[in-house]
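This report refers to the structure that appears directly beneath it.
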Amino acid sequence: VQLQASGGGLVQPGGSLRLSCAASTRTLSIYVMGWYRQAAGERRELVASISTRGSTTYADSVKGRFTISRDNAEKLVYLQMNNLKPVDTAVYYCNSVNLVSKQEYWGQGTLVTVSS
């Protein structure tokens, strides 16, 4: 599975961005999908995940501001990010885990910079 993340960029504090992750797979519905981020000098951390049934989890730092969603038919996963803060600056990575094989895949990352 190849994952292609897009939608990153420079945004002012309080602004919004929507990240997209396009998956090259026949059946996205068997994958748990997630967004991770890694700031400079920091460890990669889970931002949000969405199960095959649509259940979502979020890091405490983004709850109420970020929303993860998926479109299995279009093989897309989104991360809507609102009220962005400078601390959200990081490279954001799309991740998938095949529930059958347990194999994990990573996208190439997209840079989000929150700055005035």
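Every number here is computed from the coordinates shown, using simple stated rules; none is lab data. All values reported here derive from a predicted model rather than from experimental measurement.
Quick notes on this one:
- Residues considered: Arg43, Arg65, Arg53. Largest GNM mean-square fluctuation over the chain, using C-alpha springs under 10 Å, is found at Arg43.
- Within straight-line cross-link reach of Lys85, lysines at Cα separation under 25 Å, skipping those fewer than 8 residues along the same chain: Lys63
- Comparing Val11, Val32, Val87 in a Gaussian network model of the chain where C-alpha atoms under 10 Å apart are linked, the largest mean-square fluctuation is found at Val87.
- For the stretch 98-107, Karplus couplings with θ = phi - 60° (6.51, -1.76, 1.60), whole Hz, Gly/Pro x: 6, 5, 7, 8, 6, 6, 10, 10, 10, x
- The chain shape via C-alpha gyration tensor axes, a/c threshold 1.5: prolate
- In sequence order, calculated HN-Hα J values of the stretch 32-46 (Karplus, 6.51, -1.76, 1.60; Hz; x Gly/Pro): 7, 10, x, 10, 10, 9, 9, 7, 4, x, 10, 7, 5, 10, 6
- GNM flexibility winner over the chain from Ser49, Ser24, Ser96 (Cα, springs under 10 Å): Ser24
- Using θ = phi - 60° in the Karplus curve 6.51 cos²θ - 1.76 cosθ + 1.60, the 3J(HN,Hα) couplings for the stretch 56-72 round to 10, 9, 9, 5, 4, 5, 10, 4, x, 10, 10, 9, 9, 8, 9, 10, 5 Hz; x is entered for Gly and Pro.
- The spacing between the stretch 92-116 and the stretch 1-70, judged by their C-alpha centroids, is 7 Å.
- Cα gyration tensor shape for the stretch 62-114, rounded if a/c is under 1.5, else prolate or oblate: prolate
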